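The values are calculated or read from the model by the stated rules, or taken from the named source; none is laboratory data. Model, not experiment: these values are computed from the prediction. Reconstructed Cβ throughout: ideal geometry from the backbone, glycine too, with neighbour counts over all protein chains shown.
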Number of protein chains: 2
Amino acid sequence: MNDAVVENAPIMDTDFIREMVRQMRALDSYGVWEGKSAAEILEPLVLTPERKKEIPVVGDPDEETMARVKAFYNAISTLIEKECGLMAVPMMVLSHEGFGRVVITVGKLVVLDRSLRDVHRFGFASLSKMKDEADKLLSVALELIGTYSKVAGL
Amino acid sequence: MNDAVVENAPIMDTDFIREMVRQMRALDSYGVWEGKSAAEILEPLVLTPERKKEIPVVGDPDEETMARVKAFYNAISTLIEKECGLMAVPMMVLSHEGFGRVVITVGKLVVLDRSLRDVHRFGFASLSKMKDEADKLLSVALELIGTYSKVAGL
């Protein structure tokens with residue numbers, strides 16, 4: 001177990017982390033993680049500098065890593081939906097080399113649009129860094145929706 | 001050779017069909033089609049009722065069919081770009097069962113958004129039907145860009 005992830009930290013009780021755990025649990029089709037705690041489930045997303053060093057710079061992402069990237073953007077998409085009350089649709093294209101693009105659309109508005117690269121190294125220095133990143137993307141998205149509400153409502 | 005595709009028909013000289021041929025040729029990494037005419041290259045996209053009947057209702061699309069679907073939307077994307085002078089980016093997600101979604105974005109505006117299904121049966125009754133469909137999608141996209149030019153310019 002990674003020291004960076006602490007079971008009862010206040011962060012575990014935030015909207016984003018709760019949604020992230022839900023998204024990760026949704027990946028667990030066979031119930032292998034049933035007895036696992038939220039912290040254990042999020043643990044693979046935390047890449048401390050030591051852990052990151054162990055991952056080769058060039059590599060192909062495995063299914064599980066790709067699923068985690070999806071979980072991250074799905075969680076953001078769900079929070080956007082919750083905040084603005086309109087349907088948000090995530091869409092991700094990823095080559096087997098770990099390059100790609102993710103967008104989230106609300107109506108006819110693109111509220112998130114990112115290039116993905118080095119997906120085999122996807123992770124964050126800590127859970128709070130992950131939450132910061134998600135919050136940033138979320139607030140940009142919500143600001144766009146506020147400014148272009150007509151397009152988002154199409 | 002399909003009777004529905006005629007080499008020197010006036011339609012072969014339209015912007016869309018020319019772009020479509022270019023997109024199809026781009027798929028030909030090994031130069032197998034080098035000696036082929038435009039009509040021969042487009043021929044697999046034409047599904048006459050008789051030919052459609054031969055394709056099972058349920059089936060998985062092969063690589064080539066998926067590439068043709070991509071070529072079709074890439075061609076539309078290129079024409080959007082040409083007409084409006086802004087970069088248009090196509091993005092397609094397709095499951096191996098032939099279901100998926102395609103979007104084209106211009107700036108932060110979604111100018112085309114379609115669900116894909118039964119991709120293994122992708123094709124048109126004739127080249128002119130294909131062109132009609134593309135023209136329709138193109139004009140809807142350009143109208144959106146005209147109406148929400150600010151979002152398209154983001």
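Of all residues in the stretch A:32-55, those satisfying the criterion of being part of a loop (DSSP other than H, G, I, E, B) and either of a type in the set (S, T, N, Q) or touching a residue at least 40 places away in the same chain (Cβ under 8 Å) (or both) are A:SER37, A:LEU47, A:THR48, A:ILE55. Has the stretch A:50-64 got any residue that is modelled with pLDDT of 90 or more and closer than 19 Å to A:GLU19 by Cα? No, the stretch A:50-64 has no match at all. Any chance the stretch A:11-23 includes a residue that's buried (at least 16 other Cβ atoms within 10 Å of the Cβ), among the polar types (S, T, N, Q), part of a loop (DSSP other than H, G, I, E, B) and at pLDDT 90 or above? Scanning the stretch A:11-23 turns up at least one residue that is buried (at least 16 other Cβ atoms within 10 Å of the Cβ), among the polar types (S, T, N, Q), part of a loop (DSSP other than H, G, I, E, B) and at pLDDT 90 or above. Reported count of residues in the stretch A:115-133, each being within 14 Å of chain B (Cβ to nearest Cβ) and over 23 Å from A:GLU54 (Cβ atoms), is 1.
Exactly one residue among A:GLU63, A:GLU83, A:GLU133, A:GLU34 is under 14 Å from the mean Cα position of the chain (by Cα) and surrounded by fewer than 20 Cβ atoms within 10 Å (Cβ to Cβ), and that residue is A:GLU133. For the stretch A:117-154, residues that are of a type in the set (Gly, Ala, Ser), part of a helix (DSSP H, G or I) and farther than 23 Å from A:ALA9 by Cα total 5. Cβ-Cβ contacts under 8 Å between residues 6 or more apart (or on different chains), taken from a first residue in the stretch B:118-142 that is under 30 Å from B:GLY153 (Cβ atoms) to a second residue that is modelled with pLDDT under 90, are listed as B:LYS131/B:ILE11. Within the stretch B:87-114, the set of residues being more than 11 Å from chain A (Cβ to nearest Cβ) and either part of a helix (DSSP H, G or I) or surrounded by fewer than 17 Cβ atoms within 10 Å (Cβ to Cβ) (or both) comprises B:MET87, B:SER95, B:HIS96, B:GLU97, B:PHE99, B:ARG114. Could you list all residues from the stretch A:86-105 that are of a type in the set (A, V, I, L, M) and more than 16 Å from the chain's Cα centre (by Cα)? Within the stretch A:86-105, A:LEU86, A:MET87 meet the criteria.
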